[in-house]
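These notes are about the structure you will find just below.
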Amino acid sequence: MIKSDIVYPNGLPFISVHLLCLGAFWTGVTIPDLILCLGLYYLRMFGVTAGYHRYFSHRSFKTSRVGQFLLGWWAQLSLQQGILWWARWHRHHHAHSDRPDDVHSPRHHGMWYAHVGWIFDRSHDPQDEDLKHVKDLSRYPELVWLNENKYLPGLLLGLAIWLAFGWSGLIVGFAWSTVLCWHGTFTINSLSHGFGRERYYTGDDSRNNWLLASVVTIGEGWHNNHHHFPVSTRQGFKKWEIDFTYYGLKALAWTGVVWQLNEPPAKVFSNTTTASRYQIERAATELTDAKNLASRSAQRACHLLL
């Protein structure tokens with residue numbers, strides 16, 4: 001079971017960056033600052049979606065050893081911990097999705113804890129990381145080094161932004177985009193497990209949400225699709241389901257930087273995949289709960305009529 005043992009000192013860097021954003025009252029905000037913020041947001045969000053998620057967590061495409069290091073560096077520009085930590089907990093999420101042990105399930109732990117609180121729980125401390133769940137990644141010493149120096153890429157980016165654009169660039173461009181990228185990513189843990197459309201029965205609360213997919217997370221909001229077939233590089237299964245992360249990876253594939261992008265097989269599109277034991281058990285539980293609820297409602301109605 002998850003312990004809600006929030007360690008607030010571990011959240012000080014997180015809180016500090018939020019407070020740094022208020023420095024815009026001192027520096028002012030210009031159109032170039034806002035353009036820089038928007039550019040850095042999507043640059044870093046692509047590192048999260050293509051790097052942290054589709055490559056390191058799910059290995060949904062292939063790249064070279066140099067390519068995976070650069071992709072890891074790109075992902076850590078977002079300042080969302082190290083690549084091994086991120087992949088370890090995301091794989092845990094899929095193994096226990098919306099069950100009591102899921103570290104970010106709104107169903108069991110509430111929206112706030114699912115959105116951000118779980119990150120600061122003592123039991124999820126990166127210093128105590130168990131790498132047995134990411135053996136395929138931890139066998140590369142350069143990835144272990146990058147994971148241990150989790151803030152280095154992001155801090156160097158911040159320094160470069162400050163040198164090139166000054167204080168307003170640092171605060172509006174860098175700090176604002178950092179906070180927006182954090183919460184944009186967190187919406188997949190929270191909002192995408194409760195708000196949207198369920199196309200496939202996955203045995204959890206994952207939902208497709210076009211706004212989160214097309215605007216906020218450049219493709220990750222097709223979350224029910226993703227839980228239906230997690231190893232697909234493409235998460236927008238329909239032609240109209242915009243997935244900018246997939247388009248970017250397709251462009252990289254044309255240059256030979258990445259290859260073997262996984263596509264969903266026909267049985268996934270037709271929804272004829274075999275249900276897991278957990279999905280069957282959860283469906284039975286939901287049917288039983290619905291039957292009991294209907295029975296209680298009928299009894300109350302009879303009581304009122306009498």
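Where does the charge balance sit around residue 79 when Lys and Arg score +1, Asp and Glu -1, over other residues with C-beta under 13 Å from its C-beta?
Numbers: positive: 44, 150; negative: none.
Within the 13 Å Cβ shell, the charges total +2.
If you take the square roots of the eigenvalues of the alpha-carbon gyration tensor of region 45-196 and sort them as a ≥ b ≥ c, do you get rounded (a/c under 1.5), prolate (a/b over b/c) or oblate? Could you put the intermediate results ahead of the total?
Values: a/c = 1.85, a/b = 1.20, b/c = 1.54.
Verdict is oblate for region 45-196.
Which entries of 150/267; 62/150; 135/238; 132/238; 135/250; 62/132 have Cα-Cα distances beyond 31 Å here?
Working: 150/267 39 Å; 62/150 23 Å; 135/238 34 Å; 132/238 36 Å; 135/250 27 Å; 62/132 21 Å.
Checking Cα-Cα distances, 150/267; 135/238; 132/238 exceed 31 Å.
Could you tell me what a quarter of the Cα convex hull surface of region 9-129 works out to, in nm² with one decimal place? Don't jump to the answer; show the numbers that get you there.
Details: hull surface 37.6 nm².
With every direction weighted equally, the projected area is 9.4 nm².
Could you provide, to the nearest whole Å², the per residue accessible area of region 86-224 with probe 1.4 Å? List each step's numbers first, then the result.
Working: 5780 Å² over 139 residues.
Spelled out: the 1.4 Å probe surface of region 86-224, per residue, equals 42 Å².
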Calculate the radius of gyration of the Cα atoms of region 163-239 to one decimal place, then report Dmax, the largest Cα-Cα distance, as a whole number, both in Å. 15.5, 50
Report the accessible area of residue 144, computed with a 1.4 Å probe over the heavy atoms of all protein chains in place, in Å² rounded to the nearest 10. 30 Å²
Please list, by residue number, everything in region 172-198 whose backbone N is under 13 Å from a paramagnetic label point 7 Å out along Cα→Cβ of residue 211. 191-192, 195-197
Tell me, what ³J(HN,Hα) does each residue in region 71-87 have, in order and in whole Hz, if you take phi through Karplus 6.51 cos²θ - 1.76 cosθ + 1.60 with θ = phi - 60° and put x for Gly and Pro? 5, x, 4, 4, 4, 6, 4, 7, 6, 10, 6, x, 5, 6, 4, 4, 5
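The values are calculated or read from the model by the stated rules, or taken from the named source; none is laboratory data. Quantities reported herein were computed from a predicted structural model and do not represent experimental measurements. With ideal geometry, Cβ positions are generated from the backbone for all residues, glycine too; neighbour counts draw on all protein chains shown. Heavy atoms of the whole protein, side chains included, go into the accessibility calculation; ligands, DNA and RNA do not. Shrake-Rupley method; radii C 1.70, N 1.55, O 1.52, S 1.80 Å.
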